[in-house]
Each structure stands twice: as C-alpha cells, then as structure tokens.
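Undergrad: One structure is given below, represented as structure tokens, and several questions about it will come after.
The values are calculated or read from the model by the stated rules, or taken from the named source; none is laboratory data. Keep in mind it's a predicted model, so treat the numbers as computed, not measured. These area figures cover heavy atoms from the full protein model, side chains too; ligands, DNA and RNA do not enter into them. Shrake-Rupley method; radii C 1.70, N 1.55, O 1.52, S 1.80 Å.
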Amino acid sequence: MAAVVGAEVFDRLFAGIRFDEIDGTMLYVFAEDEETAAEVEDNHSLHIATLTTYVVKKPVEIVVVMPKVLQ
C-alpha cells in the first residue's frame, strides 16, 4: 500500500489500521477513528481489495472500513 499511496499518506492513514476478517467477498477493516475510516474506504478501498485478493488468493470485492470504537 505504501508504494501505491505514498509514504506520507500511508503513515497518516494506515499506521493504526487492522485488517480483521474476510466474510465471503467482504473484507472488514478497522481504522483509528471515523474520519480515517471514511477516507480509507472512500479513497483506497479498491487498492486494498486488489492487493488483498492477490495476497490471500480469495476474491475481495467489498472493503468495509469502520472506526475501532465499533469493534
């Protein structure tokens, strides 16, 4: 992800992120707060889905990013 989004954005958004589980074709992700979760989901979910599909060899079509307070 750092190569895709750049080091500054990666450090700001992905430092505290947790990739939780895959349920069917959905990946659940937890971010530090609501603002970060919204930005990651809106701007980077396609990249996350593509990279996750490649790494885990399972199709990921939807990335749901939630703030950790909902965990």
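Undergrad: Considering only protein heavy atoms, what per residue accessible area in square angstrom results for the chain with a 1.4 angstrom probe? Walk me through the intermediate numbers first.
TA: Working: 4570 Å² over 71 residues.
With all protein chains present, the chain gives 64 Å² per residue.
Undergrad: A further question follows. For the chain, restrict the atom set to alpha-carbon positions and state the Rg and Dmax in Å.
TA: So, for the chain, Rg and Dmax equal 11.3, 32 Å respectively.
Undergrad: In whole percent, how big is the carbon plus sulfur part of the accessible area of region 1-51, probe 1.4 Å, protein atoms only? The partial results should precede the final answer.
TA: Numbers: 1520 of 3060 Å².
Within region 1-51, the accessible surface is 50 percent carbon and sulfur.
Undergrad: Given a cut-off of under 8 Å on Cα pairs at least six residues apart, what relative contact order in percent is computed for the chain?
TA: Working: 99 pairs, mean separation 24.6, N = 71.
Normalised by residue count, the contact order of the chain is 35 percent.
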